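First comes the structure, then the notes that go with it.
The values are calculated or read from the model by the stated rules, or taken from the named source; none is laboratory data. These numbers come from a predicted model, not from an experiment. Counting neighbours? That spans all protein chains shown, and the Cβs are built from the backbone with ideal geometry, glycine included.
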Amino acid sequence: MPTVSGTSGPSASTDPASGDAVLTPGPAPGPEVPVPPVAPAAQPGGRRRVAALLARRAGWTVVDQALSSLGSLVLSVAVARQVDAEAFGAFTVAFSVYSVAVLVSRALVSQPMAIRFASAEPREFRTAAGSSTGSAAVVSSAAGLLVLAAGLLIGGTVGHVLSAVALLLPALLVQDAWRMAFLAEGRPHWAAAIDAVWMGLLVVGVVVLSVVDVDTPVWFVVAWGLAAAAGALLGVRGARTWPRPARTRSWLVTHWDLTRYLVVESLIVQGAFQGSLLLVGALATLSDIAALRGAQVVLGPVSLLGMSATAFVVPELARRSHFSGSRRLRVALAAGALMTTIGLVWGTVLLLLPDAVGEALLGESWVEVRVVLLASVVGQLCNLFSSGATFVVYSMGETRAALQVNSVVAVLLLTLGLGGLAVGGAEGVAWGYTLAYLSVVPLWYWQVVRLGRRHDERTRAEQSAVSP
């Protein structure tokens with residue numbers, strides 16, 4: 001799903017858990033993946049047991065995402081407080097590069113886990129998890145080399161931060177791949193454990209760096225990456241298998257029918273969003289890009305909660321392909337309304353936040369953040385309402401349909417974002433993004449209706465074929 005924060009969902013991720021189901025990958029060519037049936041909820045106590053299981057999984061997923069959100073918030077706030085606006089802008093550039101890398105990695109290695117292995121037997125899932133995380137290691141290493149070359153070429157503060165991110169990218173992406181695998185498997189308590197270790201060590205590192213008054217973002221990035229490496233090692237313990245980089249080619253080829261659309265989607269949407277941010281820094285000032293990034297930081301908890309919802313809802317719906325089109329639409333609307341309500345509450349709190357509190361969080365960057373905050377809150381609300389539809393589209397394996405909508409998003413982000421820059425600086429960029437997200441809300445829900453009708457027609461045809 002597209003995210004304002006730049007790490008979607010959707011995204012993907014996603015993982016972003018039961019009914020008789022056959023997963024159909026949508027219009028992309030590929031095999032149908034049978035999903036083992038679960039005990040019918042109609043059995044005595046069956047419905048209650050399923051509800052209790054879902055509640056536990058949802059609860060641990062929320063805990064995991066809360067830890068992840070808090071860790072990211074701690075990192076960004078610490079950097080904003082310890083460095084000046086220019087240095088925070090350099091950190092924003094590096095974080096934007098990481099955001100694109102993690103979404104591409106999720107598209108290639110994590111989303112197939114959520115869509116195709118959510119109901120796999122433990123042994124089969126363990127094999128898939130090793131292949132998935134091994135592929136993440138290879139993908140991140142290749143991306144790291146490109147980022148390192150860019151960092152060395154650019155030089156200066158931006159180049160130094162990029163080089164640090166490049167060297168630590170494998171640790172960051174493998175840790176993320178492990179937590180996504182555990183969420184897809186229905187063991188979110190292990191994902192939470194990984195993030196707890198990561199966040200705990202990150203907090204220790206941030207405190208130490210703050211005490212010694214480090215004023216460069218490079219060492220904060222180093223603490224971030226080393227903490228992620230520790231979390232990745234815990235993932236090995238929980239999965240009882242090591243990443244298998246040798247299986248990367250097999251993994252990528254097997255799931256290319258899904259991932260070819262997911263990867264393009266990640267590149268064009270996040271490329272447009274993060275690319276427009278980089279262009280803002282080039283055409284305007286690093287302070288402008290710092291303002292936009294600062295707004296993402298304070299909105300981050302809700303954006304990452306949306307990613308958590310994707311990780312939970314997509315595999316749950318993937319196991320329920322028997323749902324009718326009308327039921328899918330109701331699920332989409334209910335999920336979208338719930339996510340929007342949460343975002344509205346958080347956004348209201350931020351808009352009413354006293355400047356003294358904002359400055360305590362983001363230091364001198366808060367003055368610029370306050371200017372773009374209203375537009376950023378409204379944009380996030382539009383995005384959150386769309387999320388209900390994206391859950392349904394991705395759970396059906398309809399990655400081609402998602403790509404069609406997100407292609408429109410990408411064009412609008414670039415044109416309206418840069419157009420807003422010309423009209424009103426950083427605030428104009430934020431309103432341009434908001435208009436882009438608002439414009440595609442009807443497109444997402446139209447996809448749910450269209451795909452639901454096609455699903456119902458296919459179901460009726462199958463029932464007619466077996467009827468005497």
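Search the stretch 308-352 for residues being within 22 Å of the chain's Cα centre (by Cα) and polar (S, T, N, Q), and hand back the single one that is surrounded by the most Cβ atoms within 10 Å (Cβ to Cβ).
Thr310
Tell me, yes or no, whether the stretch 434-442 has at least one residue that is buried (at least 23 other Cβ atoms within 10 Å of the Cβ), modelled with pLDDT under 90 and under 19 Å from the mean Cα position of the chain (by Cα).
No, the conditions are met nowhere in the stretch 434-442.
For the stretch 219-240, give me each residue that is touching a Gly at 6+ places or on another chain (Cβ under 8 Å) and surrounded by 18 or more Cβ atoms within 10 Å (Cβ to Cβ).
Phe220, Ala223, Trp224, Ala227, Ala239
Given the criterion of a type outside the set (Gly, Ala, Ser) and more than 25 Å from Ser96 (Cα to Cα), identify the matching residue among Arg240, Arg179.
None of the others qualify; the one that does is Arg240.
Regarding the stretch 372-388, can at least one residue be identified that is of a type in the set (A, V, I, L, M), in contact with an Asp or Glu (Cβ under 9 Å, 6 or more places away or on another chain), buried (at least 23 other Cβ atoms within 10 Å of the Cβ) and under 22 Å from Ala291 (Cα atoms)?
yes
Which number in (1) modelled with pLDDT of 85 or more; (2) small (Gly, Ala, Ser); (3) part of a loop (DSSP other than H, G, I, E, B) marks the one condition that Ala118 misses?
The number of the failed condition is (1).
With the checklist (1) modelled with pLDDT under 90; (2) in contact with a helix residue (DSSP H, G or I) (Cβ under 7 Å, 6 or more places away or on another chain); (3) more than 24 Å from Ala335 (Cα to Cα) in hand, flag the one item His455 doesn't pass.
That leaves (3) as the condition not met.
Given the conditions (1) surrounded by 21 or more Cβ atoms within 10 Å (Cβ to Cβ); (2) at pLDDT 85 or above, report the number of the one that Arg249 does not fulfil.
The single condition Arg249 does not satisfy is (1).
Answer with yes or no whether Val139 is of a type in the set (A, V, I, L, M, F, W, C), in a helix (DSSP H, G or I), touching a helix residue (DSSP H, G or I) at 6+ places or on another chain (Cβ under 8 Å) and within 18 Å of Arg249 (Cα to Cα).
The answer is yes for Val139.
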